[in-house]
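The values are calculated or read from the model by the stated rules, or taken from the named source; none is laboratory data. What you see is a predicted model, and the numbers here were worked out from it, not measured in a lab. Quick reminder, even Gly has a Cβ in these numbers, built from the backbone with ideal geometry, and neighbours come from all protein chains shown. We work out accessible area using only protein heavy atoms, side chains counted, and drop any ligands, DNA or RNA first. Shrake-Rupley method; radii C 1.70, N 1.55, O 1.52, S 1.80 Å.
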Amino acid sequence: MLTPHHLTLLRQDLRTLAHIEYQEVENELLDHYAMLTEQKMETGQVFEYASANAWKELGEGIGLQQIQEEFIKNIRKQISSRHLEILKSYFRWPTVIGTLFICGLVYQLSTVLGPKTIYIVTQFLFLSPGLILIYALVRKEHRHTDTRKLAWQYMNSRANIPTAFLQFNNMLPFFLNNEDKPTPFLLMHPSISTGLACVLLIYTLTFMELYRENFSYKTAH
């Protein structure tokens with residue numbers, strides 16, 4: 001009974017009155033909204049009254065916003081759990097063999113390249129999660145209206161952790177002595193720098209895996 005124009009009006013209600021931002025939520029709610037509107041039109045109500053009554057039955061703007069908030073909470077929990085699962089997988093059999101190989105390779109390179117070079121590599125690895133975000137930004141992932149936007153937001157918040165640690169490392173020497181150009185802590189301790197390089201490399205790999213993941217709303221059973 002609903003025309004394409006009617007559906008456009010219903011969709012507009014969801015976007016402007018309930019501020020529904022995510023496509024998956026919008027499509028699901030539109031189905032319910034359209035079904036209720038059609039049911040009321042079958043009783044003789046004109047579209048305007050039928051849609052208004054269906055809107056009230058759906059819970060209006062506040063009720064629909066709660067559905068969207070539940071969707072966001074659900075997806076964010078999935079993303080966080082999946083990221084932790086990916087991270088743990090690097091220390092489980094048989095993937096742990098690859099992890100040990102990576103760490104061993106980093107250690108061997110550190111003995112060949114020297115403290116200064118491994119320090120520069122570590123500095124770069126601190127920024128590597130952010131580079132993945134820049135790639136996602138170029139692809140306009142933050143403008144999506146589906147779960148990719150929530151994944152981008154999560155990764156953005158987690159990428160700030162190594163960046164903040166890098167800034168702390170660069171500022172720490174200024175507080176520990178009075179030299180004009182103090183030596184960075186990680187440059188003074190190449191073994192710690194090597195260990196961090198290994199950790200950051202694995203952390204970056206988890207970001208790359210998470211970036212390729214797809215998420216969808218899952219209801220509780």
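Placing dummy labels 7 Å off each Cα toward the beta-carbon, the span from residue 62 to residue 213 is 3.5 nm.
Pairs of alpha-carbon atoms within less than 8 angstrom and 6+ residues apart define the contacts here; what relative contact order does the chain have, in percent? If you can, show how the numbers build up before the last one.
Working: 184 pairs, mean separation 52.4, N = 221.
24 percent.
Taking the protein heavy atoms of the chain in the context of the full set of protein chains, the accessible area attributed to carbon and sulfur is 61 percent at 1.4 Å. Here the Karplus curve 6.51 cos²θ - 1.76 cosθ + 1.60, taken at θ = phi - 60°, turns the phi angles of segment 145-151 into couplings of 10, 10, 5, 4, 5, 5, 5 Hz, with x standing for Gly and Pro. Applying both filters, DSSP loop and at most 16 other Cβ atoms within 10 Å, to the trypsin sites (Lys or Arg not before Pro) of segment 1-104 gives 92.
Solvent exposure of residue 165, expressed as accessible area, is near 90 Å², computed with a probe of 1.4 Å over the protein chains only. Remark: segment 4-67 carries a charge dipole of roughly 160 debye about the Cα centre, counting +1 on each Lys and Arg Cβ and -1 on each Asp and Glu Cβ.
Using the heavy atoms of the protein chains alone and a 1.4 angstrom probe, what is the accessible area of segment 4-67 per residue in square angstrom?
58
For 8, 3, 37, give the ranking by accessible area with the largest first, probe 1.4 Å. If you can, show how the numbers build up before the last one.
Numbers: 8 85, 3 60, 37 0 Å².
Largest to smallest exposure gives the sequence 8, 3, 37.
Projecting the Cα atoms of 63, 98, 2 onto the charge dipole of segment 1-111, computed from C-beta unit charges around the Cα centre, puts 98 farthest toward the positive end.
How about segment 22-118: which GluC sites (Glu not before Pro) there are in a DSSP loop, with at most 14 other Cβ atoms within 10 Å of their Cβ? Spell out each step's value before the answer.
Numbers: sites: 24, 26, 28, 38, 42, 48, 57, 60, 69, 70, 85; in loops: 42.
Within segment 22-118, the qualifying GluC sites (Glu not before Pro) (loop, at most 14 other Cβ atoms within 10 Å) are 42.
Taking the C-alpha atoms only, the angle from helix 4-16 to the longest principal axis of the chain is near 50 degrees. Compared with the dominant principal axis of the Cα atoms in the chain, helix 47-58 is inclined by about 50°. The stretch between residue 77 and residue 124 holds 14.0 nm of extra length on full extension. This uses 0.36 nm per residue minus the Cα-Cα distance.
Normalised by residue count, segment 4-67 yields a Cα convex hull volume of 70 Å³ per residue.
Using a Gaussian network model of the chain in which every pair of alpha carbons under 10 angstrom is joined by a spring, one finds that among 144, 189, 83 the greatest mean-square fluctuation is at 189.
Treat every Asp and Glu Cβ in the chain as -1 and every Lys and Arg Cβ as +1, leave all other atoms uncharged, and give the resulting dipole magnitude about the Cα centre to the nearest 20 debye.
Values: 20 positive and 20 negative charges, 195 e Å.
So the dipole magnitude of the chain works out to roughly 940 debye.
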